[in-house]
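Accompanying notes for the structure given below.
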Amino acid sequence: MSEINPDWRIATKAIHGFGPSDPATGAVSVPIYQSSTFRFRDAQHGADLFSGEAEGYIYSRMNNPTVNAFEREIACLEGGDAAQGTASGMAACANAILAECRSGDSYISCDTVYGGTHTLNSKVMPRFGVTAIEVDATDFDRVEDAIKQAKNCRVLFFETPANPTLTVLDIRALTELGHKHGLTVIVDNTFATPILQRPMEHGVDVVVHSATKYIGGHGDVVAGCVIASAEFIEKMRKGVFVETGASMTPLSAWLLLRGLKTLPLRMQAHCHNAMRVAKFLAFHPKVVDVSYPGLTHHPGHEIAKRQMSGFGGMVAFAVNGGYDEGLKLIDAVRLATVAVSLGDCDTLICHPASTTHAAYDPEERRAAGIEDNQIRLSVGVEHSADILDDLNQALRQL
Ligand SMILES: *Cc1c(COP(=O)(O)O)cnc(C)c1O
């Protein structure tokens, strides 16, 4: 019988954290409840469900048993009271921010964010009267100045390690700063996963994920989640989520539940391989700059050591040359898959300047720390020697 024990280590929680998988049938794998709607026993039952007198399922945009099982599991891993599964990582980011902000409000975001989040900050939120101010969050004075200058500031949002520069931000220090000014602190924990970093243990209020990445882990699902207090999740559901409808599908939830069971094992392999790749690249004559929080010269190394239990699977580096050499390396790899996204079992390689960050104007791009010759590598769980051989033969062609 899987009774949840709060003392379990994270690897055990990843497998048993959501409790008995399906009390109704005893199925070991949570069934995919592929049902849009749920039958009421009678008129009174329907009325009681709607009024909240009775607990149960009504309609899958609101709640679904498979999605709820995933929510219990991810809340357990992050150490939060409650979670909301969402249709994507962007749905998680947008809903978490909109739970707190209305027209006339503003929020602070770090300037090293995922490309989609940058567009949300700079183009989408302003349409609804919500102002996002992006700042260099490694500089606490600047963050505090921005908070003081912002009108009706509600939220401090940041991502660490950040996409795609691998900038590491001090979770505890930023959270204390945010709380000092009464802000809700939201952290995008996609790169680290709860296996390597649990922001709530450092006081963070809300964690968001693109579950598309490591949590799913197999490149077969787009999904996200928000983890927070039950009160925050309820406010988000009532204020924006249920009626804007970015719900997670039961099949996505099932794939994520499956992914979570091997997440600790996969993260161990990602960390091991990424460290080997980072060390190899750091000494390669065709490589000019390697960014990996596990390297002692990385500016965020000490902070990463303090707040993470591993340095993750993402490595950024720059090849000798410019934009063209960046493209050339992409065309020279044989094992690595040329694709955006990250966190899959397969090693994925991409050139941000021509793809994920192509929409930035050059100045914005530089400000976000993205150079024309930069390559982003999501180191997979293949044998590390094969990954190194592939990079080596590709770099030799430059
Ligand atoms: C991919 C990603 C997102 C967006 O997630 P989707 O699932 O693509 O919507 C947000 N934040 C980070 C850090 C990401 O890598």
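All of (1) over 15 Å from the mean Cα position of the chain (by Cα); (2) surrounded by 19 or more Cβ atoms within 10 Å (Cβ to Cβ) hold for Thr160 with one exception: (1).
Being within 16 Å of the ligand (Cβ to nearest atom) and in a helix (DSSP H, G or I) is the filter here; which residues of segment 175-204 pass it? Result: Thr193, Pro194, Ile195, Leu196, Pro199.
So, of the residues in segment 51-98 that are polar (S, T, N, Q) and part of a helix (DSSP H, G or I), which turns out to be most open to solvent (accessible area, probe 1.4 Å)? Please lay out each step first, then the result.
Taking segment 51-98 and keeping what is polar (S, T, N, Q), we get 51, 60, 63-64, 66, 68, 84, 86, 88, 95.
When the remaining residues are screened for being part of a helix (DSSP H, G or I), the result is 51, 66, 68, 95.
Working: Ser51: 78, Thr66: 0, Asn68: 26, Asn95: 9 Å².
That would be Ser51.
Scanning segment 121-133 for residues that are in contact (Cβ under 8 Å) with a residue 24 or more places away in the chain, surrounded by 21 or more Cβ atoms within 10 Å (Cβ to Cβ) and not β-branched (Val, Ile, Thr) yields Met125, Ala132.
When segment 136-152 is filtered for residues that are in contact with a strand residue (DSSP E or B) (Cβ under 6 Å, 6 or more places away or on another chain), under 22 Å from Gly300 (Cβ atoms) and open to solvent by 20 Å² or more (accessible area, probe 1.4 Å), only Arg142 remains.
Look at segment 241-263 and say how many of its residues are open to solvent by less than 20 Å² (accessible area, probe 1.4 Å) and out of contact with any strand residue (DSSP E or B) (no Cβ under 7 Å at 6 or more places or on another chain). Even if it seems obvious, please write down each step before you answer.
Within segment 241-263, the subset open to solvent by less than 20 Å² (accessible area, probe 1.4 Å) is 241-242, 248, 250, 252-253, 256-257, 259-260, 263.
Then drop every residue that is not out of contact with any strand residue (DSSP E or B) (no Cβ under 7 Å at 6 or more places or on another chain), which leaves 242, 250, 252, 256-257, 259-260, 263.
Total satisfying the criteria: 8.
Inspection of segment 22-37 identifies no residue that is of a type outside the set (A, V, I, L, M, F, W, C) and part of a helix (DSSP H, G or I). Per this entry, Phe232 is not counted among residues that are in a loop (DSSP other than H, G, I, E, B) and either modelled with pLDDT of 95 or more or within 13 Å of the ligand (Cβ to nearest atom) (or both).
Look at segment 78-103: where a residue is in contact (Cβ under 8 Å) with a residue 40 or more places away in the chain and a partner is assigned to a strand (DSSP E or B) and open to solvent by 40 Å² or more (accessible area, probe 1.4 Å), sitting 6+ places away or on another chain with Cβ atoms under 8 Å, you get Glu100/Arg154; Cys101/Arg154. Would you confirm whether any residue within segment 105-112 is within 16 Å of the ligand (Cβ to nearest atom) and in a helix (DSSP H, G or I)? Among the residues of segment 105-112, not one is within 16 Å of the ligand (Cβ to nearest atom) and in a helix (DSSP H, G or I), which makes the answer no. Consider segment 117-167 and keep the residues that are within 16 Å of the ligand (Cβ to nearest atom) and among the acidic types (Asp, Glu). The one that is nearest to His181 (Cα to Cα) is Glu134. Among the residues of segment 8-16, none qualifies, meaning not one is surrounded by 12 or more Cβ atoms within 10 Å (Cβ to Cβ), assigned by TED's automatic domain parsing to the domain that holds Ser252 and touching a strand residue (DSSP E or B) at 6+ places or on another chain (Cβ under 9 Å). Looking across segment 336-363 at every residue that is open to solvent by 70 Å² or more (accessible area, probe 1.4 Å) and hydrophobic (A, V, I, L, M, F, W, C), the one that is nearest to the ligand (Cβ to nearest atom) is identified as Val340.
Kindly indicate whether Leu327 is open to solvent by 20 Å² or more (accessible area, probe 1.4 Å), in a loop (DSSP other than H, G, I, E, B) and of a type in the set (A, V, I, L, M). In short, no.
Could we say that His118 is at pLDDT below 95, buried (at least 21 other Cβ atoms within 10 Å of the Cβ) and in contact with a helix residue (DSSP H, G or I) (Cβ under 9 Å, 6 or more places away or on another chain) here?
Values: at pLDDT below 95: yes; buried (at least 21 other Cβ atoms within 10 Å of the Cβ): yes; in contact with a helix residue (DSSP H, G or I) (Cβ under 9 Å, 6 or more places away or on another chain): yes.
Yes: the conditions hold for His118.
For segment 361-398, taking the residues that are acidic (Asp, Glu) and modelled with pLDDT under 95, the one that is farthest from Asp111 (Cα to Cα) is identified as Asp372.
The values are calculated or read from the model by the stated rules, or taken from the named source; none is laboratory data. Here the structure is a predicted model, which means the values were calculated and not measured. Counting neighbours? That spans all protein chains shown, and the Cβs are built from the backbone with ideal geometry, glycine included. We work out accessible area using only protein heavy atoms, side chains counted, and drop any ligands, DNA or RNA first. Shrake-Rupley method; radii C 1.70, N 1.55, O 1.52, S 1.80 Å.
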